[in-house]
1. Taking only pairs that are 8 or more places apart or on different chains, how many Lys pairs in the chain have Cα atoms under 13 angstrom apart?
2. Rounded to a whole number of µm²/s, how large is the Stokes-Einstein D of the stretch 1-60 at 10 °C and 1.306 mPa s, given Rh as the Kirkwood radius over C-alpha pairs?
3. Hey, of [x] 2, 7, 5, 7, 7, 6, 7, 7, 6, 7, 8, 9, 8, 6, 4, 2, 1, 0, 0; [y] 2, 9, 15, 19, 18, 14, 9, 7, 4, 2, 1, 0; [z] 2, 10, 20, 20, 17, 12, 8, 4, 3, 2, 1, 0, 0, which did the structure itself give for P(r) over Cα pairs in 5 Å bins from 0, in percent when calculated?
4. Only Cα pairs within less than 10 Å get springs; with that Gaussian network setup on the chain, which residue of 47, 80, 34 has the largest fluctuation?
5. For helix 16-25, what angle does its Cα long axis make with the longest principal axis of the chain, in degrees from 0 to 90 and rounded to 10?
6. I'd like the accessible area for residue 90: 1.4 Å probe, protein heavy atoms, all chains in place, Å² to the nearest 10.
7. Taking all protein chains together and a probe of 1.4 Å, list 71, 78 from the most accessible to the least accessible.
8. Modelled label-to-label distance, residue 70 and residue 8, 7 Å Cα→beta-carbon offset: nm?
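The values are calculated or read from the model by the stated rules, or taken from the named source; none is laboratory data. All values derive from a computational prediction rather than experimental measurement. Note that we place each Cβ from the backbone using ideal geometry, even for glycine, and neighbour counts take in every protein chain shown. Accessible surface is based on the protein model in full, side chains and every heavy atom, while ligands, DNA and RNA are left aside. Shrake-Rupley method; radii C 1.70, N 1.55, O 1.52, S 1.80 Å.
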Amino acid sequence: RVEIIPESNPNPNDTDPIRKAITAGFFYNCARLQKSGDSYATIKRRQTVHIHPSSSLHEDKPKYVVYYELMLTSREFMRQVIEIDDKWLLEVAPHYYKKNEIEDVKRKMPKTIKTK
């Protein structure tokens with residue numbers, strides 16, 4: 001169990017505290033945008049999932065999201081999705097996530113060949 005110290009939010013337009021609290025409750029339901037940019041993979045199980053087309057985030061494609069539920073139709077869709085900061089996962093669930101699972105894997109890109 002991880003304790004987060006409650007604090008008053010001086011800026012009511014700042015949604016980070018609310019999103020961080022939701023992340024603390026649903027840390028198990030997190031996904032990262034895949035390199036292809038057309039789908040997500042759950043962080044622990046690497047299950048391919050998609051943002052539901054009715055979601056306001058469907059076109060935005062945030063890098064990390066937390067979702068409430070998965071719905072299976074022709075594909076596996078995440079419903080009730082919010083964008084999160086990947087650092088929050090290590091803060092609210094250090095017992096579940098390790099740093100190497102959250103950090104981006106840096107792969108070398110192939111060299112470009114100059115043509116004349």
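1. Step by step, the pairs that qualify in the chain add up to 9.
2. After rounding, the answer is 115 µm²/s.
3. [z]
4. Highest fluctuation of the listed residues: 47.
5. Orientation of helix 16-25: about 90 degrees from the principal axis.
6. The value for residue 90 is about 60 Å².
7. So, going from the largest accessible area down, we get 71, 78.
8. The answer from the label model is 4.2 nm.
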